[in-house]
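First up is the structure itself, then whatever we jot down about it.
Computed from the coordinates by the stated procedures, all read-outs in this text should not be read as laboratory data. Please read these numbers as outputs of a predicted model, since none were measured by experiment. Cβ atoms come from the backbone with ideal geometry, glycine included; neighbour counts cover every protein chain shown.
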Amino acid sequence: MVLFSCVCVFPPPFLRIFSYSFPPSLSAGGNMAARNVLVTGCSSGIGLALALRLARDELKRFRVIATMRNLEKSQALKRQAGPVLDTTLEIKELDVTCQESIRQCVDSIPQRRVDVLVNNAGMGMIGPVESQSMASIQRLFDTNFFGLVRLVQEVFPDMKRRRQGHIVVMSSVLGLQGLLFNDVYSASKFAVEGFCESLALQALKFGVNISLIEPGPVTTEFERKLYEEAANMDLSTADKETLDIFQDFYLNYSKDVFNALGQSPEEVAEHTMKVITSENPPFRYQTNSLYTPITTLKHADPSGNLPLNAFHQMIFQHDRLFKASLSLLKMLQWRKRRDMDYNKST
Ligand SMILES: NC(=O)c1ccc[n+]([C@@H]2O[C@H](COP(=O)([O-])OP(=O)(O)OC[C@H]3O[C@@H](n4cnc5c(N)ncnc54)[C@H](OP(=O)(O)O)[C@@H]3O)[C@@H](O)[C@H]2O)c1
């Protein structure tokens, strides 16, 4: 636990090398053609915030195709888009679990030209694995992993032909490091990471970039849906000890983590914007520097025991200290935001 607070607050030099600093961003300067950016899952959260951020770009570098599976949920985006609606932002239907829906959407874009694909649509899942139905596990993979595969199958061949393009994938820190009661969700993001890591090699040969965005907790509908599902879950197949850990410990702990470390979708959109406009986009990019030392433990010990033991101790043996560390992290997050606001206003 002490280890946890120490690595978070005072990351040793070997951990600091993992933070990415951007080379100069692309300056459109008004003479570059606007790039078509297709974003999935724009009815709420990160997708909505990113679609707005890109469409409001001062340099007008993007035409945003903001997609969602259910157009009846487009009111929030329409209301916030204001004047950019139907100028730099258009809304289209796309369900990532349906190849036909993806094809229809891409076919409706002039010359099928998707310069930047942002694979953002996704869903979460928490709870004891023995309480989850195979159908719901498969549905999650169909969205989080196979959805990405379908989209890539649709746009990657065109990008290779044009010898340019950028595939930006909303992964998660849980695609790098597993977490208690997040077994299935984490597995889906590990699948995403492995897929992209392999594909990136081929993509590079064709001048196509792939970037994995890895947020920590983000305060969106995602969190609300998780707790709602947890409240309605049939837990009758789990034993009492497991249930106690999940209900009495994990759910409270998870809320505290979101509370202490949670970023806003706008913050994640801002980071993603940097990746999209970078001349040399990073392959991996974590949006929350407070979380980076935790994922880095993994690289410090190839046996895997260091992060496993650190998490085990922090959760099951030193939970009071763990909560105290969260309060410290909350304060650091608040100070980081305050400094960012100050820098913006000066
Ligand atoms: N929030 C976090 O803590 C967090 C942390 C790390 C990574 N992420 C990742 O960030 C991404 C966005 O999540 P968020 O936090 O913005 O959550 P969110 O507010 O719940 O947004 C998820 C979006 O995905 C859409 N979606 C779900 N299934 C879909 C499908 N079959 N086809 C098309 N769209 C579909 C949802 O549409 P509906 O409204 O129709 O359901 C919604 O627009 C996800 O990939 C998530 O795994 C989130």
Completion exercise
Cα-Cα longer than 21 Å, checked against K205/K298; K240/K298; K274/K336; K92/K160; K60/K274; K225/K330, kept in input order, equals K205/K298; K240/K298; K92/K160; K225/K330
Exercise for the section: Any chance you could run the full-extension gain for F206 through E270? It's 0.36 nm times the residue separation minus the Cα-Cα distance, nm to one decimal. Expected result: 20.3 nm
Problem - Kirkwood Rh, Cα atoms: Rg over Rh of the chain - result: 0.96
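Size of the dipole of the chain about the Cα centre, Lys and Arg at +1 and Asp and Glu at -1 on the beta carbon, nothing else charged, in debye to 20?
Dipole about the Cα centre, nearest 20: 1340 debye.
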Handout entry: GNM flexibility winner over the chain from K323, K336, K78 (Cα, springs under 10 Å)
Key = K336
Exercise for the section: Specify the inter-centroid distance of the range 104-163 and the range 200-229, based on alpha-carbon positions, in whole Å. Expected result: 11 Å
Handout entry: Reachable aspartates and glutamates from K323, criterion Cα separation under 13 angstrom, eight or more residues apart if same chain
Key = D256
Completion exercise
Projected onto the charge dipole of the range 201-249 (unit charges on the beta-carbon of Lys, Arg, Asp and Glu, signs +1, +1, -1, -1), the Cα from T220, A231, G207 with the largest positive-side position is that of G207
Completion exercise
Placing each pseudo-label 7 Å from Cα in the direction of the beta carbon, T87 and K336 end up separated by a distance in nanometres of 3.4 nm
Practice task
Return a whole-number percent for the relative contact order of the range 98-256, with Cα pairs under 8 Å and 6 or more residues apart as the contact set.
Solution key: 29 percent
Exercise for the section: Report, in degrees rounded to the nearest 10, the 0 to 90 angle that the Cα long axis of helix 319-345 makes with the longest principal axis of the chain. Expected result: 30 degrees
Practice task
May I ask you to derive the relative contact order of the chain, considering only C-alpha pairs under 8 Å and at least 6 residues apart, and to give it as an integer percent?
Solution key: 21 percent
Fill in the blank from the handout: Projecting the Cα atoms of L321, I276, L306 onto the charge dipole of the range 273-333, where Lys and Arg contribute +1 and Asp and Glu -1 at Cβ, the residue farthest towards the positive end is L321
Handout entry: Extension gain, I109 back to E72 (0.36 nm per residue minus Cα-Cα distance, nm)
Key = 11.2 nm
Handout entry: Two-site FRET efficiency, S327 against R161, from Cβ-Cβ distance with R₀ of 51 Å, rounded to 0.05
Key = 0.45
Problem - Distance between modelled label sites at N305 and Q80, nm, 7 Å Cα→Cβ extension - result: 4.7 nm
